[in-house]
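This report concerns only the one structure given below.
The values are calculated or read from the model by the stated rules, or taken from the named source; none is laboratory data. Note that the coordinates shown come from a computational prediction; the quantities given were computed from them, not determined experimentally. So basically every Cβ, Gly included, is an ideal-geometry build from the backbone, and we count neighbours across all protein chains shown.
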Amino acid sequence: MLISRRRSVAGATALALAALVLTACSEGGAQSRAVTSAPAAVTTPATSTASATASASASASASASAAAPTTAPDPTVTAGAPGRWADTKQFMQITDAWISDGRTYLSVRSARKQAATGDIEAWQIIPGRGSYSTVSMATGSRILLSVPLGDNSVPYPYSQAEFVRRMKRQSPTFLEGLGFDLTFDGNGRVTRLQSLYTP
C-alpha cells in the first residue's frame, strides 16, 4: 500500500511538471511571435509617411514651377534698334515719339533732304520708302527744334517731354513733311536730335 501511494504521488508530480513546462513554452512562443511581428507594425506607417511626404514635395515643386513668372522682355531691345546706326549721323523721318518707364522712344526711318532755294537756308524732305523702326534716346540727349515743329526759324533747345508733346499734337500727314538730323552713340541710342527748318 505504501509503495502504491508513493507511485501515485510521483506520477502526479510528473504530470504537474509537464504541464508547467508546456505552459512556459506556450508563453515563450507567444512572446517571441509578438517581438517578431512588432517591427513590421512600426515599419508600415513609416513607409506610408515617407511616400506621402515625397508626393507632397513633388506636388509643391510642380506648383512652384507653374507659378514662376516668365521673364519680361527688355523694352530697349527691339527690332527697331539696328546696330548699323551706332556711332553714325542719319537724316530721318519720325512718325511717333513716346515716353515709357522714363525713357523716350522714336519711330524712325531713313529719308533724304535737299536744299531749298531762297534767301533763308531751308530744306525739302524726300520721304523714305522703308518701314519704321523703334530707337531710344539717351538720357540727357540734346533736342533742337525749328519751325514748323519749333517756335523759331533757328534751332532752339527743348526737353524730351516737350518734344513728345509737340509730336503728339501733329497729324501723320504733317509729320510726313518733317525731317531730323539724328546722332547715335555706340549703343544705337539717339544723343542729338535736330529738326530741319522747312518753309
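Of all residues in the range 115-131, those that are assigned to a strand (DSSP E or B) and either at pLDDT 85 or above or surrounded by 12 or more Cβ atoms within 10 Å (Cβ to Cβ) (or both) total 6. Kindly check whether there is at least one residue in the range 175-186 that is in the same structural domain as Ser110 (by TED's automatic domain parsing) and in a helix (DSSP H, G or I). Yes, the conditions are met somewhere in the range 175-186. Which number in (1) crowded, with 16+ Cβ neighbours inside 10 Å; (2) in contact with a Gly (Cβ under 6 Å, 6 or more places away or on another chain) marks the one condition that Tyr156 misses? It fails just one condition, (1). Among the residues of the range 138-167, those that are among the hydroxyl-bearing types (Ser, Thr, Tyr) and not in a strand (DSSP E or B) comprise Ser146, Ser153, Ser159. For Thr88, the conditions (1) surrounded by 16 or more Cβ atoms within 10 Å (Cβ to Cβ); (2) modelled with pLDDT of 95 or more; (3) under 16 Å from Asp185 (Cα atoms) all hold with the exception of (1).
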